[in-house]
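Colleague: A single structure is presented below for examination.
Values quoted throughout were computed directly from the atomic coordinates according to the rules given, and no laboratory measurement underlies them. Since this is a predicted model, take the numbers as computed values, not measurements. Don't worry about glycine lacking a Cβ; one is built from the backbone with ideal geometry, like all the others, and counts go over all protein chains shown.
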Amino acid sequence: MVQQALNAIVQTLRGISAAVRSRPRIVLAAAGAVTAFNLLAPIVVLSIARKPVDFFTFNPWLRRLPEYLHSTEPLEKKLSFVSNMALGWASADNAGGEGVEWGFVLDVPTLGRILLTSLVFGTFFALWSYRRAQGAASVPGFEAARPAGMAGAVTSVVGLTTGPCSLSGCGVPVLPVVALAFTGLSSGTLTLISELSRIGFVAILSLMTAGVLWLGWKAGSMPARPVFRPAAGPTGDQPMFTPGPSPRDT
C-alpha cells in the first residue's frame, strides 16, 4: 500500500514536471493573465459599482525595507511585520471629500494568495495542453476541462478582500470585493457573503489543485516519447545509412 502511494506520487510529479518543462510559455502566460486579472478586477469592479478610483500608490516605506531587514530587530518580529506588510493600495474618496468610499490594499498575504492561485492555474493549462498532445482529446469530458479552468480563474477573484475604511482605520471589517460592490446590505448579509466568498475561494483552489494532480497522474502514466537521433556507424562518426544521391546530381 505504501509503495503504491509512493509510486502514484512519483508518477504525478513526473507528469507535472514533464508538462511544465514542455509548456513553459503556457505556464507563464496563464499565470500572468490570472495575476493581472486578480490585481485589476477588484479595482475595476469597485470603480464601476461604487466610485471611480482616484488614488493609487505603492507603500513609500518599501524603500526602507532593506535597512529594516539589516537592523538589529529580532528575527521573529521582522517576519511578523514583513508577512503582513502592505505593498500598495488604491482607493476612492467619498463624494463629500471626507473619508474613503472604498479601498483595496495589496498586502503580502493577498499577493501570496494571488501568486499561488496563478501558479495552480498555469500548471493546470500546461497539463491540459500536454495531455491533449498525448492524445487525450478523445477522452469524454476532456475538452470541457479548459472552459472549466477559465471559469475557475475568473471566479477566483471572489476570495480577494477589501474594506471601505481600510486606509482610514475606522474599524470596518474587511469585506470581499463582491460584497463591497453592493450598497445598502445589512451587516448580517455582508458577513454571510464574506464567509461564502472564503469558502468559494477554498473550493475553487481545491478543485483546481485536484485537477492538476489528476492530469499530472495521467500524464505521468504515459511513456516518454523517444528522442530520435541519427544512428552512428561502427566508427562513431558516420551515419549508419548513407543517403542516396539526389535527383539533381544525376
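Colleague: Please list, ordered by chain and number, the residues whose modelled amide H lies under 5 Å from the amide H of LEU106; skip anything fewer than 5 residues away on the same chain.
Modeller: Long-range HN contacts for LEU106: LEU87, GLY88, TRP89, ALA90.
Colleague: Filter the GluC sites (Glu not before Pro) in the range 28-101 to those in DSSP coil with at most 11 other Cβ atoms within 10 Å of their Cβ, and list the result. Intermediate results must be reported in sequence, preceding the final value.
Modeller: Numbers: sites: GLU67, GLU76, GLU98, GLU101; in loops: GLU98.
Here the sparse-neighbourhood loop sites are GLU98.
Colleague: For a bin width of 10 Å, list the pair-distance distribution of the range 1-112 built from all Cα-Cα distances, rounded to whole %.
Modeller: The percentages, shortest bin first, are 11, 24, 22, 24, 13, 4, 1.
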